[in-house]
Amino acid sequence: MIDNLILGFQTALTPQNLLWCFVGVLAGTVIGLLPGLGSTTGVAVLLPLTLDFEPVTALIMLAGIYYGAQYGGTITSVLLSTPGEASSVVTTLDGYQMARRGRAGAALSIAAIGSFVAAIFSLILLMVLAPPFANFALKFGPVENLSIMILGLATIVSFSGESRIRGLAMASAGLLLATVGMDAATGTARFTFDNVNLLSGVPFVEVMIGLFAVGEVMYQIRVGAAAPIRTRFRELLITRSELRRSIGPIGRGSVLGFLLGCLPGSGSTLASFIAYGVEKRVSRNRSQLGQGAIEGVASPESANNAAANANFVPTLTLGIPGGGTTAVLLGAFTIYGLQPGPLLFQSQPKLVWGLLVSFFIGNVMLLVLNLPMAPIFAQMLRIPYAYLYPIILFTSFVGAYSIDNNMFSVWIVFVAGVAGYFMKLYDLPMAPLVLGLVIGPLFEKALTQTSALGDGDLLIVLSHPIALVVLALAVLLAAGPSLVRLLPRNTPDREREPAGV
Amino acid sequence: MKRNNVLLTAVAAASVLLLTACGTANGQTSAGGDAATFKPKGNVTMVVPFGAGGGSDNSGRSIAAGLEAAVPGLKINTENRDGGSGAVGYSYFLSKTGDPNYLLPSETALLALPLNTKVGFDYTKFTPIMKVGDDFTLAVVPTGSPWKTCADAVNASKAGRVVAGVSGATSLDNVVFTLTEQATGAKFDRVPFESGEELLAALLGNQIQVASLNPGEVVEQLKAGKLRALCAFAEKRYEYPELKDIPTAKEQGVDVAYAQFRGLIAPGGISDGARTFWIDASKKFVESDKAQQYIASNYLQPNALFGDDFTAYLNENNDMLSKALGK
Amino acid sequence: MSTLIRIRGNGEATVYAMLALVGLAAAVSGAFYGVFVDGGRVGPGFLPLVAGGLTAVLCGWLALRGVHGRRSHPPGGPADGVEPHLAEDINPVDDATDDDVDISGRTRRERIHNLWKVFGLTLGAILLVQVVGFLAAFGALVFVISTWIERQPLLKSAVIAAAATGLIYGVFGLFLEIPLPGGLLGLGTEG
């Protein structure tokens, strides 16, 4: 172990690798910032640049883009309600509200701190316990995945705002939207109206950009220009009590994110939704969540970062990608003539440990980069909205185009933008819609597989203990309030920040 | 050796970058050899109908780099047009009919997509240039499985339920299972997955009993002793040292061989001169180290075919596929 | 003021009613895709039927409740574990009358007009991509919104629009090598 670490540091600390690690995390931050361009696209488009590098250097840089994007994705979610990454959708709920109250600096700072803590936590687990976690993850077959998706859907109640029925209605609409496209099991084209672009389904990143970014711009035009938020630099810094409130959410987010991230295919978006849902149940300030509570930023941001790192557990130990971006990274391994698989740790110790150590270094760089930048980024809100919003529109549409180099994405953003405006106008909750759209394909896949495994009998769930435990958690999460009311209440934390509502 | 190739790719990639930065002003490309009647003007675009990092992307970029090395002065940019299991990319390619400055790294989706879904194209709408090689599948089981051969699996399926994982309705592995059923009377109970990686995880976690995967997808698991190969659904055994001991299905009495091809197509309606140019360039590519390296690192069986031979292969393969898919 | 609420309620009800119809249509076509296949296994029509059905029922109910004049969100409170979120932010707008002006001195009616103008301009920019190219179309969008809608000075708007276009060209076109369509003028980064 110690030998491996020393080997890792020797590899990662060469000037060349340090430089490219920095370039990677910086490029990642920028790519995360841009709407539409997520880490998957970012790694894919920058892959050709690294072809002449040493494999370890190339992978250090590409991985830097990956986790750097997790940091960058937060910035525009908080400032402009424009999630740069799908895993930052949840962050807009409280982050944007904080920004509108002049606490953007604090929101960005806690996101950076939470991301950092979660990253370090999950990296230590990744280094020490990757093989056992990978073997545990293999126990999650279709039946267990089905229960995880139900757990994800159970968090809908946390995102529904005033009326749970609206939340459920929007989540059903999201699930329905997710069924558009070619059904993977039978190849049936559903609701595609003979449009080839729809065969792969309604692309949710584009929907997300439309709903959140374009919808918000249009809604702001209707509301009318507000005075730019002018705050003194001091007020942009995070306060001691905000930090204290964030400890629990960061811890819970990190653990949840790591566990979900280990499972191939679940991804950091689901982790951020579930972490927020849990916070809505257990946080002492749960009643403020949704109105700009710092817990609502700390928890999902920690979870998505922990999950992003945990994605490397199956990737490095089994050669099975944990998510979309790690799949592209695995493709990169092959391009450099490396065969990712169960033997990678033995056959390429220098590469694997160098890469893992570079994650530590990269995350330190990101923290150092992001903490002082947070208040500076927050100054962006001083730009008059008259100039800011046309540029937001431009960036949103060009970002959408660059996902698949296809004008179809641009049209989806436009349509979703119109829909987002009306949803905001009539107070229809958007997060459950996005949740339904994200979970829909995964839920349907797990459901189809479970049904096929049981030869039509879904009750085979009962013979899978892990699935039963997860389902019990889902019930707790969904029916929590009624159960919690039976318990003695915690006294809400009265020394909280002035809520301003 | 390998390092050299990587360097070459890098130089090629770097020059592509430079050229893109300068726009399309760089007109003349000098084509070597006998196809002097046609030379691509400006940059050529390789349209990859799948996302970056996958098998199609890998093949597109390798062929692009190889063609650039084979024809001095040729510049090929690679563009990913992902979506609809390849349908978006192929449809975009269809819109380039008559334009010899576009190429596409083709595979079995070219045949399977039109058979299964309503799309605007089929393989006759394009100009087949080259088939590089064949990617067969291996039947693999977890190491703990009692089966040693494909015949064991077939017999087990006649006696009771055998759960096989497949990656989609039109996928290569599903076709192979269907052909096996048609050849032997076996019955595999299929659980649908969406990719080779998902199947790997399900095999390792013992959620399914057998799957049929490309050698490149499982070779590391075989080396690590996590999975066992029962047979190769190929005409002849592999020559790669790590695969040469795997018997073919036919040796075990299961007469099934079906491969996913990897090749190159140009848009339909291009001039004869352009077609000849690309076929000649492809012939040079296949003989190059780059092609050898691509074939070896993806564990393909090298079976190069060009032009009309490739078209004949597509006709034959299409008939077989439509029978297997029951269309 | 109550009239405004009722109009809003009706608009809301219309949205829900439309969603309910979409859900219903989807549920019905789901049945045609095959709800169960191979003797009882979940088929391609299962989720469309279930999700479409749920959408139809829930949205239908919300629409009816809207028409009957009740505000569809019940008076929420901490006891329910859910909060009226953003209520204070939203309501002043909707309950406001024309004498509510923003810092640029625009009335509510003007702002709603502006909103639809921006929607129209954006649509126009997307359509113009095929003609003048992506960068030119959206660069022009930034300029036209700043000057025509937001009544900002011409020169300043032109500089900002040009700078934004240049930056986006640099990041997307040069750095990320995205093949942005050039339209008929060929002002893109394609091929």
Any residue at all in the stretch A:260-283 that's within 11 Å of chain B (Cβ to nearest Cβ) and either polar (S, T, N, Q) or closer than 20 Å to B:GLY55 by Cα (or both)? yes
Looking at the structure I just gave you, is A:GLY201 within 24 Å of the chain's Cα centre (by Cα), at pLDDT 85 or above and in a loop (DSSP other than H, G, I, E, B)? yes
Residue pairs within 6 Å by beta carbon, gap of at least six or interchain, first lying in the stretch C:161-188 and away from chain A (no Cβ under 12 Å), second aliphatic (A, V, I, L, M), listed first then second, are C:LEU184/C:VAL131; C:LEU185/C:VAL132; C:LEU187/C:ALA136
Which ones in the stretch B:213-251 are among the polar types (S, T, N, Q) and at pLDDT 95 or above? B:THR248
Please determine, by comparing only the residues of the stretch B:210-225 that are out of contact with any helix residue (DSSP H, G or I) (no Cβ under 6 Å at 6 or more places or on another chain) and outside any helix (DSSP H, G or I), which one is farthest from the other protein chains (Cβ to nearest Cβ). B:ASN214
Could you say which residue among A:GLY68, A:GLY84, A:GLY102 is surrounded by fewer than 24 Cβ atoms within 10 Å (Cβ to Cβ), touching a residue at least 24 places away in the same chain (Cβ under 8 Å) and of a type in the set (Gly, Ala, Ser)? A:GLY102
Quick one: is C:THR122 free of Cβ contacts under 8 Å to residues at least 60 places away in the same chain and within 9 Å of chain A (Cβ to nearest Cβ)? yes
Suppose we filter B:VAL154, B:VAL162 for residues that are buried (at least 24 other Cβ atoms within 10 Å of the Cβ), within 18 Å of B:GLY253 (Cβ to Cβ) and either over 27 Å from the mean Cα position of the chain (by Cα) or not acidic (Asp, Glu) (or both); which single one remains? B:VAL154
I need the full set of residues from the stretch A:132-145 which are within 12 Å of chain B (Cβ to nearest Cβ) and either among the charged types (D, E, K, R) or over 20 Å from the mean Cα position of the chain (by Cα) (or both), in order please. A:ALA134, A:ASN135, A:PHE136, A:LEU138, A:LYS139, A:PHE140, A:GLY141, A:PRO142, A:VAL143, A:GLU144
Being under 30 Å from A:LEU453 (Cα atoms), in a helix (DSSP H, G or I) and facing another protein chain (nearest Cβ under 10 Å) narrows C:ALA13, C:ALA26, C:ALA56 down to just C:ALA26
For the stretch A:443-463, what are the residues that are more than 9 Å from chain C (Cβ to nearest Cβ), among the aliphatic types (A, V, I, L, M) and surrounded by fewer than 20 Cβ atoms within 10 Å (Cβ to Cβ)? A:LEU459, A:ILE460, A:VAL461, A:LEU462
Result of the Cβ filter at 6 Å on the stretch B:61-86, keeping first residues that are under 21 Å from B:GLN293 (Cα atoms) and outside any loop (DSSP other than H, G, I, E, B) and partners that are at pLDDT 85 or above and of a type in the set (Gly, Ala, Ser), at least 6 apart or interchain, is B:GLY66/B:SER288; B:GLY66/B:ALA291; B:LEU67/B:ALA281; B:ALA70/B:ALA281; B:ALA70/B:SER288; B:ILE76/B:ALA64; B:THR78/B:GLY60; B:THR78/B:ALA64
So which residues in the stretch B:76-105 are over 21 Å from B:LYS131 (Cα atoms), buried (at least 22 other Cβ atoms within 10 Å of the Cβ) and more than 9 Å from every other protein chain (Cβ to nearest Cβ), if there are any at all? none
State which residue is farthest from A:ASN311 (Cα to Cα) when the search covers only the stretch A:1-30 and only residues that are at pLDDT below 90 and among the β-branched types (Val, Ile, Thr). A:ILE2
Take the conditions more than 11 Å from every other protein chain (Cβ to nearest Cβ), in a helix (DSSP H, G or I) and either touching a residue at least 12 places away in the same chain (Cβ under 8 Å) or surrounded by fewer than 24 Cβ atoms within 10 Å (Cβ to Cβ) (or both) and apply them to A:GLY42. Does it pass? no
Considering only residues of the stretch C:1-23 that are charged (D, E, K, R) and surrounded by 15 or more Cβ atoms within 10 Å (Cβ to Cβ), which is modelled with the lowest pLDDT? C:ARG8
Considering A:LEU129, A:LEU108, A:LEU151, which residue is of a type outside the set (Ser, Thr, Tyr), under 29 Å from A:ALA472 (Cβ atoms) and surrounded by 23 or more Cβ atoms within 10 Å (Cβ to Cβ)? A:LEU151
Across (1) crowded, with 20+ Cβ neighbours inside 10 Å; (2) of a type in the set (Ser, Thr, Tyr); (3) within 14 Å of chain B (Cβ to nearest Cβ), A:THR334 clears everything bar (1)
In the stretch A:57-79, is there at least one residue being hydrophobic (A, V, I, L, M, F, W, C) and over 27 Å from A:LEU356 (Cα atoms)? yes
List the number of the failed condition for B:GLY55; all other conditions in (1) within 11 Å of chain A (Cβ to nearest Cβ); (2) within 20 Å of B:GLN260 (Cβ to Cβ); (3) more than 15 Å from the chain's Cα centre (by Cα); (4) of a type outside the set (Phe, Trp, Tyr) hold. (3)
Subset of the stretch B:169-195 (residues that are facing chain A (nearest Cβ under 9 Å), in a loop (DSSP other than H, G, I, E, B) and closer than 12 Å to B:ALA211 by Cα): B:PHE193, B:SER195
Being hydrophobic (A, V, I, L, M, F, W, C) and over 24 Å from A:GLY257 (Cα atoms) narrows it down to one of A:ALA308, A:ALA327, A:ALA386, A:ALA293, so name that one. A:ALA386
Taking the stated definitions as given, is A:PRO314 touching a residue at least 12 places away in the same chain (Cβ under 8 Å), assigned to a loop (DSSP other than H, G, I, E, B) and not small (Gly, Ala, Ser)? no
Restricting the stretch A:81-122 to residues that are closer than 15 Å to A:MET380 by Cβ and outside any helix (DSSP H, G or I), the one modelled with the highest pLDDT turns out to be A:ARG103
When B:THR137 is evaluated against the numbered criteria (1) within 12 Å of the chain's Cα centre (by Cα); (2) surrounded by fewer than 24 Cβ atoms within 10 Å (Cβ to Cβ); (3) farther than 16 Å from B:VAL48 by Cα, which criterion, by number, is the only one it fails? (2)
For A:LEU5, work out the one condition from (1) buried (at least 19 other Cβ atoms within 10 Å of the Cβ); (2) assigned to a helix (DSSP H, G or I); (3) not β-branched (Val, Ile, Thr) it doesn't fulfil. (1)
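The values are calculated or read from the model by the stated rules, or taken from the named source; none is laboratory data. For clarity, every value in this text was computed on a predicted model and none was experimentally measured. Using ideal geometry, Cβ is built from the backbone for each residue, glycine included, and neighbour counts are taken over all protein chains shown.
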